[in-house]
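Inspection log for the structure reproduced underneath, given as structure tokens.
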Amino acid sequence: MRITYACPSCGSTVAVEGVESAAAIACPRCAAAVDVPAGAIAWAGPGGEPVGPGAGEPRLRRCLVCPCTELFTRKDFPQRLGVGIVVAGFAASCVTWAWRLLVPTFAILFGTALIDVVLYLLMPECQTCYRCGARYRGAGGQQEGFDLETHEKHRQQRLRLAEHAAAGRPPSPT
Ligand SMILES: [Zn+2]
Ligand SMILES: [Zn+2]
């Protein structure tokens, strides 16, 4: 299982492979470590039955970086790459359009759109934490799509925490 998360202390993006067998994950830039919580990963056999650690497929039960237990599944598609391909295709089609090359113009536009679709389909799925945005690739377990209500709930919670932090009060447990 691979985790990609923003380091809670320095904010840099950290990617770690094999987190299912690690006791803690550390940021290579500031060395801040995050302990992998006990019981965060359940191991399941081929039929989904619980097995000993390391014996089957790791299943994520909660986020490893923050206490959040809600995650959603989405394609692990780098959005910047997708947009970059479309922009490059559009720029190239402007050139061919200026030269009055009608067929190459449309071929480029359709071609780049097609590349995007194929890339999207080939990309593996990953699970994302609603609260801190940590991404997990190769994690079994709850496979639910994005839910706007849950997202909104966590967004409000973040805002409340930020308000409390600004006011210097400890956050309420709710
Ligand atoms: Zn760091
Ligand atoms: Zn999280």
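Quick notes on this structure:
- Taking the conditions (1) surrounded by fewer than 16 Cβ atoms within 10 Å (Cβ to Cβ); (2) not in a loop (DSSP other than H, G, I, E, B) in turn, Thr73 satisfies each one other than (1).
- Restricting Pro104, Pro37, Pro50 to residues that are surrounded by 11 or more Cβ atoms within 10 Å (Cβ to Cβ), of a type outside the set (Lys, Arg) and outside the structural domain of Glu144 (by TED's automatic domain parsing) narrows the list to Pro104.
- Residues of segment 1-15 that are aliphatic (A, V, I, L, M), within 14 Å of ligand 2 (Cβ to nearest atom) and crowded, with 19+ Cβ neighbours inside 10 Å: Ile3, Val14.
- Considering segment 126-149, the residues that are away from ligand 2 (no atom under 16 Å from the Cβ) and surrounded by 15 or more Cβ atoms within 10 Å (Cβ to Cβ) include one that is farthest from Met1 (Cα to Cα), namely Gly140.
- Sole residue being farther than 21 Å from His154 by Cα, more than 17 Å from the chain's Cα centre (by Cα), in contact (Cβ under 8 Å) with a residue 40 or more places away in the chain and away from ligand 1 (no atom under 15 Å from the Cβ), chosen from Ala55, Ala38, Ala44: Ala44
- Residues satisfying the stated conditions in segment 1-18, i.e. within 12 Å of ligand 1 (Cβ to nearest atom) and within 11 Å of the chain's Cα centre (by Cα): Tyr5, Ala6
- Taking segment 91-101 as the range and being surrounded by fewer than 13 Cβ atoms within 10 Å (Cβ to Cβ) and of a type outside the set (Gly, Ala, Ser) as the test, the residues that pass are Cys94, Val95, Trp99, Arg100.
The values are calculated or read from the model by the stated rules, or taken from the named source; none is laboratory data. Everything numeric in this text was worked out from a predicted model, so none of it was measured. Because the Cβ atoms are built from the backbone with ideal geometry, glycine has one as well, and the counts that use them run over all protein chains shown.
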